[in-house]
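Student: The structure's right below; bear with me while I get my questions together.
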Amino acid sequence: MSRIGKLPINLPNNTEVTVDDKNVVTVKGPKGSLSTLVDADITVRKEDNQIIVERPTEQKRHKAMHGLYRSLINNMVIGVSEGYKEQLELVGVGYKASIQGQVLELSLGYSHNIFVALPAEIAANAVTEKGKAPVVTLESNDKQLLGQVAAKIRSLRKVEPYKGKGIRFVGEVVRRKAGKTASK
């Protein structure tokens, strides 16, 4: 049996889960509502204060989907009850970030500023403290969307290995290279 798939999902007190006849799982909580379509072969049922995901056979396809849908539903439960947060750090001379509404403006050393339109589901905040790198904080209840937007912003100026300049996640370890002069 799938080690991930067989684990039950514990529901916090403030969340509500419904499964309709078309196998659409909807999770509602204090941070919003999320839903996903589960494959017809996978069975999702609510028992007491837990959600249980089951598969019909031991086929490789069913085993793979068993763990996948259990993880997706668990991420939705955590998202609507606690939410997710990503922090991006802009390391480099003159790198700046500011937010007007749902538009993130980045100054990353190019000849022009970069404007990123953020989805409505994501709340953003930019903080610049003197002597520290600017930090952009993204918050959402949808883990997949948050990760995708954070990766897109990070791809605008990837961290280079020689000086360590670029956009990185807070706490990310960057492997540095020595450069040409180190060989002498």
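The values are calculated or read from the model by the stated rules, or taken from the named source; none is laboratory data. Predicted, not measured: the structure shown is a model, and the values here were computed from it. With ideal geometry, Cβ positions are generated from the backbone for all residues, glycine too; neighbour counts draw on all protein chains shown. Heads up: the accessible areas ignore ligands, DNA and RNA and are worked out on the full protein's heavy atoms, side chains in. Shrake-Rupley method; radii C 1.70, N 1.55, O 1.52, S 1.80 Å.
Student: How far is the Cα center of segment 103-142 from the Cα center of segment 1-24, in Å?
Tutor: The two parts, judged by their Cα centres, are 34 Å apart.
Student: With springs only between Cα atoms under 10 Å apart, run a GNM on the chain and tell me which of Arg157, Arg61, Arg168 wobbles the most.
Tutor: Comparing Arg157, Arg61, Arg168 in a Gaussian network model of the chain, the most mobile one is Arg61.
Student: Greater than 27 Å separation of Cα atoms is the criterion. Which listed pairs, Lys31/Lys63; Lys143/Lys163; Lys130/Lys158; Lys46/Lys143, meet it?
Tutor: Beyond 27 Å between Cα atoms: Lys31/Lys63; Lys143/Lys163.
Student: Percent relative contact order of segment 32-155, based on C-alpha pairs within less than 8 angstrom and at least six residues apart?
Tutor: Taking the mean separation of contacting Cα pairs over the length of segment 32-155, I get 23 percent.
Student: Order the following by accessible area, largest value first: Thr15, Thr57. Probe radius 1.4 Å; ligands, DNA and RNA are ignored.
Tutor: Thr57, Thr15
Student: Helix 60-81: angle to the longest alpha-carbon principal axis of the chain, degrees 0 to 90, nearest 10?
Tutor: Once rounded, the angle reads 70 degrees.
Student: Please tell me the relative contact order of segment 92-156 in percent, rounded to the nearest whole number, where contacts are Cα pairs under 8 Å and at least six residues apart.
Tutor: This gives 25 percent for segment 92-156.
Student: Over its Cα atoms, what ratio of radius of gyration to 2.2 N^0.38 Å does segment 36-104 give?
Tutor: 1.77
Student: Counting only heavy atoms of the protein chains, get the accessible area per residue of segment 85-184 (1.4 Å probe) and round it to a whole Å² value.
Tutor: Accessible area per residue: 64 Å².
Student: In Å, what Rg and Dmax follow from the Cα atoms of the chain?
Tutor: 21.1, 71
Student: Which value, in Å² rounded to 10, gives the accessible area of Ser140 with a 1.4 Å probe and all protein chains present?
Tutor: 10 Å²
Student: So what is Rg over Rh here for segment 1-71, counting just Cα atoms and using Kirkwood for Rh?
Tutor: That ratio is 0.97, to two decimals.
Student: Further question: At 222 nm, what helix-only mean residue ellipticity would the chain give, in deg cm²/dmol to the nearest 500, using -39500 (n - 2.57) for each DSSP H run of four or more?
Tutor: One gets -6500 deg cm²/dmol as the mean residue ellipticity at 222 nm.
Student: If we count chymotrypsin sites (Phe, Trp or Tyr not before Pro) as exposed when they sit in a DSSP loop and have at most 14 other beta carbons within 10 Å, what is the longest stretch of the chain that avoids them all?
Tutor: 1-109
Student: Something else: Considering only protein heavy atoms and a 1.4 Å probe, what is the carbon-and-sulfur percentage of the accessible area of the chain?
Tutor: The value for the chain is 50 percent carbon and sulfur by accessible area.
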